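A.B. asks: The structure is given below, and queries will be raised subsequently.
The values are calculated or read from the model by the stated rules, or taken from the named source; none is laboratory data. Note that the structure is a prediction, hence the values are computed from the model and not measured. Cβ placement follows ideal geometry from the backbone for every residue including glycine, while neighbour counts extend to all protein chains displayed. Accessible surface areas use protein heavy atoms only, side chains included; no ligands, DNA or RNA. Shrake-Rupley method; radii C 1.70, N 1.55, O 1.52, S 1.80 Å.
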Amino acid sequence: MPDAPQGRLEPQGRLDPSELQTDRPHSARVYNYIIGGEDNFAPDRETAAEVLAGWPGLRTSMLANRACMRRMARYLTGLGLRQFVDVGSGIPTSPNLHEVVQAAAPDARIVYVDNDPIVLAHARELLTSTDEGRTAYIQADMRDPEALLGDRVLHGLIDLTRPVALTVIAMLQFVADARGLVDALVGPLAPGSHVAVTVPTGDLAPESRRLAEQYTRSGIPMYLRDRAEVERLFSGLEILAPGVVPMPRWRPEPGAAPLPDTATNMYAAVARKP
């Protein structure tokens, strides 16, 4: 494990207000608005209003995505993973991944990654950690995986020679070559590492295709993937039970009645690197 300074790590970089690009929508801020957050701007709210008009149930799907992230975090922690890299962390929404993980494993180390400068403004909130563990945030673009995985702050917390839990939650829809990106992110990780994803699809909720068109028109290109395409993301990896399934059916809480498949527009899966 890399040596890390005592206490909290400072976020990488400084917030430059000119980088916020408040004149155009950003996926993290649209998401923030739809699930009830306040860290968004007029273009984000306008895009959110348009997509919600086309699919009022989108908020339900987004909240279900957060719930699935929490289930995945607990599952991965239960498998013994103690190093997490969360790609596309978004604006802090409690409980965050590190809160879920460190509740079960106080010594766990978590690095959040996002490319929206407004997330940097909230990084101190993200950096709250147990005394035994560590939490950090880096501002990086997942479309440059070499730079992301080479970041000095990441290497201050994460030992890439040991298993890592890589979480890419509701992010791959913004990448044309999602399989290439997953390969590039997982390739440098140690055997025994795991990758957890949720991926939007047009297979489930009938409104999904219109939603993707609306996002794309607003300047946020969105790519939907069918089940076979999601399965191909894990080429060379072992997909763990229950496989690639509609998000509400990925290891639901015991006794909980899952939402209907058509209430969300995502597949969920976790895979292990042999």
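A.B. asks: Count the net charge of all other residues whose Cβ sits under 12 Å from the Cβ of Arg217, scoring Lys and Arg as +1 and Asp and Glu as -1.
C.D. replies: Value of the local net charge: -2.
A.B. asks: Next up: Are there any GluC sites (Glu not before Pro) in the range 73-173 that are in a DSSP loop and have at most 15 other Cβ atoms within 10 Å? List them by number.
C.D. replies: Here the sparse-neighbourhood loop sites are Glu132.
A.B. asks: Another question about this same structure. For the chain, give the percent of accessible area contributed by carbon and sulfur heavy atoms, probe 1.4 Å, rounded to a whole number.
C.D. replies: It is 49 percent, rounded to a whole number.
A.B. asks: Per-residue ellipticity at 222 nm for the chain, helices alone: DSSP H runs ≥ 4 residues times -39500 (n - 2.57), over residue total, nearest 500 deg cm²/dmol?
C.D. replies: When only DSSP H runs of four or more count, the value is -9500 deg cm²/dmol.
A.B. asks: Please tell me the relative contact order of the range 189-274 in percent, rounded to the nearest whole number, where contacts are Cα pairs under 8 Å and at least six residues apart.
C.D. replies: 46 percent
A.B. asks: Then there's this: Counting DSSP beta bridges in the chain, what percent are antiparallel, to the nearest 5?
C.D. replies: 35 percent
A.B. asks: Something else: Regarding the chain, what is the average projected area of its C-alpha convex hull, in nm²?
C.D. replies: Answer in nm², one decimal: 13.1.
A.B. asks: Right, something else. Looking at the square roots a ≥ b ≥ c of the eigenvalues of the Cα gyration tensor of the range 220-274, which shape do they give, rounded for a/c under 1.5, prolate if a/b is larger than b/c, or oblate?
C.D. replies: Oblate.
A.B. asks: Additional query: How large is the Rg to Rh ratio of the range 91-243 when both quantities use alpha carbon positions and Rh follows Kirkwood?
C.D. replies: My calculation of the ratio gives 0.97.
A.B. asks: So, one more: I want the local charge near Asp114. Using Cβ-Cβ distances under 10 Å, sum +1 for each Lys or Arg and -1 for each Asp or Glu among the other residues.
C.D. replies: Local net charge: -3.
A.B. asks: Could you tell me which helices of the chain pass both thresholds, a Cα extent of 24 Å or more along their own axis and a mean Kyte-Doolittle hydropathy of at least -0.5, with helices taken as whole DSSP H runs?
C.D. replies: Membrane-span-like by this criterion, though nothing is claimed about a membrane: 58-78.
A.B. asks: Would you compute, for the Cα atoms of the range 190-255, the largest minus smallest coordinate along each principal axis and list the three values in descending order, in whole Å?
C.D. replies: Result for the range 190-255: principal-axis Cα extents of 40, 35, 17 Å.
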